[in-house]
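The structure appears right after this line, and notes come after that.
The values are calculated or read from the model by the stated rules, or taken from the named source; none is laboratory data. As the structure is a computational prediction, the values presented were derived from the model and not from experiment. With ideal geometry, Cβ positions are generated from the backbone for all residues, glycine too; neighbour counts draw on all protein chains shown. Quick note on the areas: whole protein, heavy atoms, side chains included, nothing else; ligands and nucleic acids left out. Shrake-Rupley method; radii C 1.70, N 1.55, O 1.52, S 1.80 Å.
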Amino acid sequence: MLDLNGIKEPKAIACAYACRQPRFPNAGPPVVPQSGRINFWKEESGMARDVFLNLQLEGRIRLDIWSIPRFFMNPALYVFIAFIYLLFRRQVLLERRLFHVRITTTRAEVFRSIGFGLVGGVGASVVLLAFGVSLTYKELLSLWVISGVLALIHARFLSFSYAGGLLGVLAFVVPLFEGMHSPLIGWAADWLGALNIPSILALVSILLMAEGLLVRCQAESGASPVLVASKRGRIIGAFQLNRLWMMPLLIFTPAASGGFDLQHLPGWWPWFYAGAASLSLLPIPAVIGYQDTATTVAPGEKARQAGKVIFLYGLGLLMIAYAAKYWMPLALIGSLGSFALPEMMRYNSRQKEKIEKPLYVQAGNGVRVLAVIPGSPADLMEIVTGDVIIKINGVRVVTKDDIYPALQQQSAFCKMEVKNRDGNIKYVQRSLYQGEHHELGVILAPDMSAAQYADVRRASIFDLFRIKLNSIQGTTEVRPDEQHQGLEQQGKDVSL
């Protein structure tokens with residue numbers, strides 16, 4: 001048995017043993033203090049689930065219960081929640097400004113974000129523990145700080161995918177400038193040099209896989225209608241896909257004393273190991289998110305497509321992270337991909353939106369539905385986004401001004417002829433009651449008379465705080481009209 005107590009470099013020795021490197025070919029498993037440990041059953045084979053399902057708690061490991069209140073005292077937790085609240089608050093205010101009604105609610109969106117994030121966090125934690133992903137507190141602090149700084153630029157940069165990728169790139173680039181003899185560069189190089197980039201990429205990849213699954217699970221919920229300016233200056237309908245989840249994670253971290261005894265571990269586990277003599281469990285807050293705009297397809301369809309790509313992208317990044325343990329240049333490739341591939345997805349999506357014909361515009365053969373107010377008569381009649389209302393009570397409707405007179409033909413009952421996105425005709429009907437929405441609760445796609453649109457690209461943390469301040473003071477920010485490719489812009493920008 002190799003006793004690590006009193007040895008100056010237990011980290012290197014433990015890492016050499018864990019990776020089965022030939023540096024210590026005859027060394028037995030490292031011995032850590034016997035008080036406060038978690039012993040694994042002596043199973044040398046089986047799947048990863050056998051490792052963490054067969055844990056026995058004993059001794060001082062109960063002291064780790066203090067990590068739970070420390071989780072709730074972590075400032076990053078409340079920064080993430082506040083940011084999520086401000087983002088969805090902006091979404092609701094924008095709906096009210098454009099349509100004079102709210103389609104989503106801030107409270108429901110925040111609860112949905114935290115609730116689904118909790119479920120995703122449990123699943124991601126199981127995978128993290130199964131693969132033995134271990135991060136030091138320095139690495140976690142770096143992710144939190146970089147995420148907060150990047151969020152000053154845009155909300156989507158709050159995701160750990162960008163922070164992890166940037167840390168990996170900096171870890172390779174900054175040491176190249178150590179010859180400048182700058183104290184700041186020297187400090188940064190030392191800090192970044194201590195980071196385990198494959199472990200960070202493994203965390204990011206597992207979060208991305210969880211993100212892909214959550215995007216697909218919530219494909220039909222939470223999309224917010226908005227009016228935007230097309231490249232030709234025309235106002236068209238669209239949907240904002242704002243997906244942010246605050247995920248509580250349970251992750252391995254090196255322990256100074258107590259923690260997991262590394263005896264009797266299978267040779268292949270843990271996969272991502274920093275080399276400490278013992279490990280302990282630490283609950284941490286993390287955030288993942290996906291943001292895009294749908295103008296040519298239904299928001300649910302676009303979200304499902306994006307979720308599949310994100311999951312596969314995370315799976316590929318996990319493979320690169322594992323291979324980077326043995327050939328470090330792959331860590332740089334994975335870091336670049338972690339930062340650049342989401343932006344490439346976003347760029348390709350925007351290019352595709354420019355090429356294809358917008359879906360949410362009026363075509364003249366009826367009135368196209370952009371969105372439906374939840375709980376309204378139209379919602380109860382199962383009218384959905386993209387449907388085209390052709391007739392109401394036998395009266396053909398061509399513009400939005402035709403809806404109210406057609407409803408007055410039979411004020412207590414409504415029968416409609418509707419064409420769905422697949423081109424099929426359906427007939428819906430329902431009794432109408434006093435106090436219900438006078439136009440059934442449908443929000444129509446814009447026509448040439450639309451007077452307002454919004455620039456949804458602005459979503460930095462400064463923008464969100466300014467929105468909240470303006471709403472408290474009762475003020476409104478209106479941006480001047482913009483010119484698009486030399487064409488006169490329809491309407492005015494009322495971005496928040």
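A few notes on this one:
- Top-ranked residue of region 449-467 - restricted to ones that are among the aliphatic types (A, V, I, L, M) and modelled with pLDDT of 60 or more, ranked as nearest to the chain's Cα centre (by Cα): Val456
- Selection from region 284-305 of residues that are open to solvent by less than 30 Å² (accessible area, probe 1.4 Å) and out of contact with any Leu (no Cβ under 8 Å at 6 or more places or on another chain): Gly300
- Within region 110-158, the residues that satisfy the criterion of being of a type outside the set (S, T, N, Q) and assigned to a loop (DSSP other than H, G, I, E, B) are Gly132, Leu135, Leu152, Ile153, His154.
- Residues considered: Arg112, Arg97. Of these, the only one that is over 17 Å from the mean Cα position of the chain (by Cα) and closer than 26 Å to Pro225 by Cα is Arg97.
- Single residue of region 380-419 satisfying the filter (acidic (Asp, Glu), surrounded by 13 or more Cβ atoms within 10 Å (Cβ to Cβ) and over 35 Å from the mean Cα position of the chain (by Cα)) that is farthest from His438 (Cα to Cα): Glu417
- Subset of region 423-448 [in a loop (DSSP other than H, G, I, E, B), modelled with pLDDT of 80 or more, of a type outside the set (D, E, K, R) and surrounded by 12 or more Cβ atoms within 10 Å (Cβ to Cβ)]: Leu432, Leu440, Gly441, Ala445, Pro446
- Taken over region 294-339, the criterion of being β-branched (Val, Ile, Thr) and under 21 Å from Phe160 (Cα atoms) is satisfied by Val309, Ile310, Ile320, Ile333.
- Test: residue in region 349-370 that is under 30 Å from Met319 (Cα atoms), assigned to a helix (DSSP H, G or I) and either of a type outside the set (Lys, Arg) or open to solvent by less than 20 Å² (accessible area, probe 1.4 Å) (or both): yes
- Residues located in region 102-128, provided they are touching an Asp or Glu at 6+ places or on another chain (Cβ under 9 Å) and open to solvent by 40 Å² or more (accessible area, probe 1.4 Å): Arg102
- Some residue of region 237-260 being at pLDDT 90 or above and among the small types (Gly, Ala, Ser): yes
- Any hit, region 151-167, residues being closer than 23 Å to Glu211 by Cα, open to solvent by 20 Å² or more (accessible area, probe 1.4 Å) and free of Cβ contacts under 8 Å to residues at least 24 places away in the same chain: yes
- For region 394-413, residues that are in contact with a strand residue (DSSP E or B) (Cβ under 6 Å, 6 or more places away or on another chain) and either closer than 17 Å to Ala371 by Cα or at pLDDT 90 or above (or both) total 2.
- Within region 176-211, restricting attention to residues that are within 21 Å of Met328 (Cα to Cα) and touching a strand residue (DSSP E or B) at 6+ places or on another chain (Cβ under 8 Å), the residue that is modelled with the lowest pLDDT is Asn196.
- Residue, nearest to the chain's Cα centre (by Cα), within region 210-240, restricted to residues that are farther than 30 Å from Met448 by Cα and crowded, with 24+ Cβ neighbours inside 10 Å: Glu211
- When we screen Phe99, Phe71, Phe131, Phe80 for residues that are of a type in the set (A, V, I, L, M, F, W, C), over 21 Å from Val215 (Cβ atoms), surrounded by 18 or more Cβ atoms within 10 Å (Cβ to Cβ) and touching a strand residue (DSSP E or B) at 6+ places or on another chain (Cβ under 6 Å), the only hit is Phe99.
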